[in-house]
Amino acid sequence: MFFFSVAKGNGKVGKETYLEKHLPTLPTLGDRRDAYGIHFEWDANFGIPGAIYIRNYTYDEFFLVSVTLEDIPNQGTIHFVCNSWVYNFKDYDKKDRIFFANKTYLPSATPGPLVKYREEELEILRGNGTGERKEHERIYDYDVYNDLGNPDKDVKLARPVLGGSSTYPYPRRVRTGRKATKKDPKSERPASELYMPRDEKFGHLKSSDFLTYGIKSLSQTLLPSLENIFDSDLTWNEFDSFEEVRDLYEGGIKVPTDVLSDISPIPVFKEIFRSDGESVLQFPPPHVVQVSKSAWMTDDEFAREMIAGVNPNVIRLLKEVPPQSKLDPTLYGDQSSTISKEHLEINMGGVTVEEALNGQRLFILDYHDAFMPYLTRINALPTAKAYATRTILFLKDDGTLKPLAIELSKPHPSGDNLGAESKVVLPADQGVESTIWLLAKAHVIVNDSGYHQLMSHWLNTHAVTEPFIIATNRRLSVLHPIYKLLYPHYRDTININGLARNALINAGGIIEESFLPGRYSLEMSSAVYKNWVFTDQALPADLIKRGLAVEDPSAPHGLRLVIEDYPYAVDGLEIWDAIKTWVHEYVSLYYPTDDAIKKDSELQEWWKEAVEKGHGDLKDKPWWPKMQTRQELIQSCSTIIWIASALHAAVNFGQYPYGGFILNRPTLSRRWIPEPGTKEYDEMVKSPQTAYLRTITPKRQTIIDLTVIEILSRHASDEIYLGERDNPNWTSDSKALESFKKFGSKLAEIEGKITARNNDSNKKNRYGPVQLPYTLLLPTSEEGLTFRGIPNSISI
């Protein structure tokens, strides 16, 4: 079928050898895997096998997991970790595919006979930057986000190109080379299947494909079905009571039989929906209401989720009252806050604002500047009625947070977008004021939900990681130690990002359909990317920047937390330190001095390209590491691993546990706070629940949102977690293997400490009024919707 040739030693190429039938003595490898035997001739003059050529004569591609050569004199066993699709030899210019043994070499230390092959393989992966990519290719190249819109179908589906300009800066994606749309030569035509380098897409070999297929099916099947219901019955789209919302989980909701027949053949929906066979859809109960049905409404829980929820890294220390805007006054007028000391001190128990500022006890969740530039356009959308929000919180003596005031702002009604029209809402627990306060909190969470999905989740993990994946594959050989370090943290990311461009973040897609910014969603994320700083993504730097920590050599991890019981930060710092310790030990094995960093040609090209091409719109920023020292390499690699593993886990796998109950985390706002004398105000007085439900996400978008986040919050059965590898023979370096084992042991120790903290009743922020312990940064998990687990990579 295909032959193996062995090269290295004295530069010799061995004789052809052919695949033999799999032997009965070989172990069972599981479903859809087979083991085969080969034999090749070897003598002492041949040298040590360092690489193999493989040629596929069949017309079917196959996925080669690994090759193991046994009984090599004086060497024992040699492992070749492949993990690659091999197509018919006619598909390749060089006919053969080459795979290297699991040795690790810096470029300057590569055995002479392997140098040529090392360089040739990288040239293949880089391609020539032209033409439309084909399915079998493994070429990694850069392009802008010019494939989100579909102007040829409808002018309303046109979207700006993100990346390549100062107006819309953005990280780069994998280039596909598709033809341009007819109406916009700068945009690529949509395609049902997007190109991605072949080894980034495993087909249906993996459990995770089961989940990603569900997202695609949702876009193509469930959305149109729900649209048809809405068109034929406008009343169906509204929830009439909180009890009806709970029916989504407790009894199910009736849907037309044709909807159920549309989605029932799709396997993943059988996992998500618990149907009784009578046109009823039922979601699994979200964690946030599994103990208490009403604790989500409390101010304590509203505040707690800012430090232990699904978006725990936006809140920051407040340093002045009133808070100030950074928006350009020549473009937006006076955007100063109207929150006064008097507003705040009402609920501060005798503490003055000055005392609270000096004692680092005031905090802010501030979405004013992110949303205000877009509010005029957002509020012109058919159903959107939104504010830009600021929420001020007070750190109480028991270590929990208490909301003091919410500011709701809109562009000034003069129509020129200069200045803001703002109102300040204060906490209340009785009468119509309590309903207004609940609605104000809902508007804050709608801001938070949109910012979380678009910025904290998509931009700050998925999008910013893809350029590093492209650069790594183009510039670092599989023999390079840093390739071996980073490779497991890239698994499936290009695959899931391609799926997102096709079904989630595309024009008219699920995100635009279900979240407040609508068609301006990705454009808003581009505005936020302008201020993205790579070095600030490291957890300690992020905490310091937000004023949530100060450097203190005597404190754990060298940081003193301003909020001592800050679950995301406390658990995250332990994970960060474990990652950095592992990276430090590993890097030190190969780079004894800073000079070794400077002289590593592949490493220097990798970093140069990641910065200047992958993040090219920010390439001139002074904060980029220069990659001249070991410390810069250690910190940069630690940051990439943190983003891809723990940061993504923290903002992803709590989506359904917290947001699956739409009353707790609404994604849309359809009404402003009613004014006295209006019909809506009278309705609010008469029925607070109806007022809340008519303000937030309606039924159709709720079903869409819940279906998506239920899939995104799941772990696949074959997930690989932090501290694990998919192949124990990923390197032949015993010292690296020993250090990696220590990393795994440290993570197990951290898991025990997190569990102990969650059992400490004095740490109220760990579980809150909803009695939901913070488990998102527990490293391990089982399959499914578990509210825990840190995968190695952004794989969903």
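The values are calculated or read from the model by the stated rules, or taken from the named source; none is laboratory data. Everything quoted here is computed from the prediction, not taken from an experiment. Note that each Cβ is placed from the backbone with ideal geometry, even for glycine, and that neighbours are counted across all protein chains shown. Only protein heavy atoms, including side chains, enter the accessible area calculation; ligands, DNA and RNA are left aside. Shrake-Rupley method; radii C 1.70, N 1.55, O 1.52, S 1.80 Å.
Observations
- Meeting the requirement of 1 or more residues that are open to solvent by less than 30 Å² (accessible area, probe 1.4 Å) and closer than 30 Å to residue 139 by Cα, the helices (runs of 4 or more DSSP H) wholly within segment 488-572 are 493-499, 510-514, 521-529.
- Number of residues in segment 120-142 that are without any contact (Cβ under 8 Å) to a residue 24 or more places away in the chain and over 18 Å from residue 194 (Cβ atoms) equals 2.
- Within segment 375-401, being open to solvent by less than 20 Å² (accessible area, probe 1.4 Å), within 16 Å of residue 522 (Cα to Cα) and in contact (Cβ under 8 Å) with a residue 40 or more places away in the chain holds for one residue alone: 378.
- Checklist (1) in contact (Cβ under 8 Å) with a residue 24 or more places away in the chain; (2) of a type in the set (S, T, N, Q); (3) surrounded by fewer than 20 Cβ atoms within 10 Å (Cβ to Cβ) applied to residue 792, failing item: (3)
- Matching option when the condition is in contact (Cβ under 8 Å) with a residue 60 or more places away in the chain and in contact with a Leu (Cβ under 8 Å, 6 or more places away or on another chain), among 466, 523: 523
- Of the residues making up segment 110-136, those that are of a type in the set (A, V, I, L, M, F, W, C), out of contact with any Gly (no Cβ under 8 Å at 6 or more places or on another chain) and either assigned by the TED database to the domain that holds residue 62 or buried (at least 17 other Cβ atoms within 10 Å of the Cβ) (or both) are 122, 125.
- Qualifying positions in segment 673-699 - open to solvent by less than 10 Å² (accessible area, probe 1.4 Å) and among the polar types (S, T, N, Q): 695, 697
- In segment 732-754, the qualifying residues are those that are of a type in the set (D, E, K, R) and in a helix (DSSP H, G or I), and the one that is farthest from the chain's Cα centre (by Cα) is 735.
- The lone exception for residue 702 - which of (1) open to solvent by 30 Å² or more (accessible area, probe 1.4 Å); (2) in contact (Cβ under 8 Å) with a residue 24 or more places away in the chain; (3) β-branched (Val, Ile, Thr) it fails: (1)
- Among (1) open to solvent by 10 Å² or more (accessible area, probe 1.4 Å); (2) closer than 26 Å to residue 607 by Cβ, the one test that residue 455 misses: (1)
- Of the helices (runs of 4 or more DSSP H) lying entirely inside segment 579-668, those carrying at least 3 residues that are open to solvent by less than 10 Å² (accessible area, probe 1.4 Å) and more than 23 Å from residue 478 (Cα to Cα) are 648-652, 655-659.
- Any hit, segment 166-187, residues being assigned to a helix (DSSP H, G or I) and open to solvent by 30 Å² or more (accessible area, probe 1.4 Å): no
- Test: residue in segment 411-418 that is open to solvent by less than 40 Å² (accessible area, probe 1.4 Å), in contact (Cβ under 8 Å) with a residue 24 or more places away in the chain and within 19 Å of residue 669 (Cα to Cα): yes
- Test: residue in segment 330-341 that is in a helix (DSSP H, G or I), under 23 Å from residue 525 (Cα atoms) and of a type outside the set (Val, Ile, Thr): yes
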